[in-house]
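> The structure under discussion is supplied below as structure tokens; questions concerning it will follow.
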Amino acid sequence: MSTRCRLALVNVNVPSKAGVRQVDALLFTPHGLLVCEIKGFTRSQPGVLTVPLNGPWLVDGEPAALHTLATANPHEQLRGGLFDTKNALEAAGLNVGFVRGAVVLVVIPKTELKLGDTRNVGPGIDVVLAQRKMLRRLVHQMRDRTGRPGWSADTVLDACRALDLHTLAPTREELLADGFPDTLPTADRPTSVPAVPTAPKPTPPAKPAAPPVQRPTPTKKATSAPRPAPTKVSPVPQYRSPASPRPPAQRPAPAAASATASARRGWPTLVVLAVIAVLTTVACVVIYQAFHGH
């Protein structure tokens, strides 16, 4: 990336919930936005600078002589400007990804200061010395983290308008001349070099399978099919309403009664009738002769 491909706005105010927030510098690059807090030393203090988990920053175990507020460390001051900047961009509908922060230390000339363990400043915040080599390395690290440009000339101008910095921003043509891209790459383009394929690992020979154990098959006894159990039909219960009267018994008709009696008497009755008929005929003959005789 070209050394000209960046835009720095120094000592600006950004919107915040409390009104405005003073920020020492905003560094725009095609690969991200860097919010900077610049701190200087009040005296020459050589040694190794470390950031403890709690308390002031230290140089060889003594509090660092930094220009800072009485109740805040440099990274605590930076967090306020970092969050307010990101919130203002999101409120304007700009999805610019992760906004990083950096504490830039300016030492007294001819002071040998080295950086020790500074991890306790928190994620997304770096601590660097105000040296060209370290600042250039910080910009390259932003490029390596993102992998592809995420800020075009139009994105920078939109961010400046969201932060109310449009009067300080350059023109679109100037941003293009400084190296900011006109358009951003599409999401489907590869952003990293594809990995070199490695040779497949040899597959270990498969272990021979153990012969199956043959178990004796038990002899089954022939069994006759079970007979199905008779189905029991439950009688339907007869319910009689107590309120309904019992119907009167019907007597059989006379003809039906005679037929029934005849059927019950059977052939002896026929014999008796035949005898009566014969006797009647004889009686009739006798009576006729008695009245018509001499």
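The values are calculated or read from the model by the stated rules, or taken from the named source; none is laboratory data. The model shown is predicted, which means the values in this text are computed figures rather than measured ones. Here the Cβ is made from the backbone with ideal geometry for all residues, glycine too, and neighbour counts use every protein chain on show.
> Looking at the stretch 26-45 only, could you name the residues that are part of a strand (DSSP E or B) and within 48 Å of the chain's Cα centre (by Cα)?
L26, L27, F28, T29, G32, L33, L34, V35, C36, E37, I38, K39
> If the Cβ limit is 6 Å and pairs must be 6+ apart or interchain, which residue in the stretch 113-126 that is under 18 Å from V99 (Cα atoms) pairs with which residue that is surrounded by 13 or more Cβ atoms within 10 Å (Cβ to Cβ) and charged (D, E, K, R)?
G124/R100
> Evaluate the following for V213: is it modelled with pLDDT under 90, under 35 Å from the mean Cα position of the chain (by Cα) and in a loop (DSSP other than H, G, I, E, B)?
No; evaluated as a whole, the condition is false for this residue.
> Determine if the stretch 145-155 includes at least one residue that is among the β-branched types (V, I, T), surrounded by 14 or more Cβ atoms within 10 Å (Cβ to Cβ) and at pLDDT 90 or above. Explain how you work it out, then say what you get.
First, pick out the residues of the stretch 145-155 that are among the β-branched types (V, I, T): 146, 155.
Restricting the remaining residues to those that are surrounded by 14 or more Cβ atoms within 10 Å (Cβ to Cβ) gives 146, 155.
Now narrow it down to the ones that are at pLDDT 90 or above: 155.
Looking through the stretch 145-155, at least one residue is among the β-branched types (V, I, T), surrounded by 14 or more Cβ atoms within 10 Å (Cβ to Cβ) and at pLDDT 90 or above.
> A further question follows. Answer yes if at least one residue in the stretch 24-38 is surrounded by 14 or more Cβ atoms within 10 Å (Cβ to Cβ), touching a His at 6+ places or on another chain (Cβ under 7 Å) and either over 27 Å from W151 (Cβ atoms) or of a type in the set (A, V, I, L, M) (or both), and no otherwise.
no
Residue-by-condition table, conditions (1) touching a Pro at 6+ places or on another chain (Cβ under 9 Å); (2) within 18 Å of F28 (Cβ to Cβ):
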position	(1), (2)
G101	no, yes
P109	no, no
L113	yes, no
G116	no, no
R119	no, no
P123	no, no
V128	no, yes
M134	no, no
R143	yes, yes
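> While we're here: For the stretch 125-143, state whether one or more residues are modelled with pLDDT under 65 and either basic (K, R) or over 30 Å from L115 (Cβ atoms) (or both).
Initial filter on the stretch 125-143 (modelled with pLDDT under 65): none.
No - not one qualifying residue is present in the stretch 125-143.
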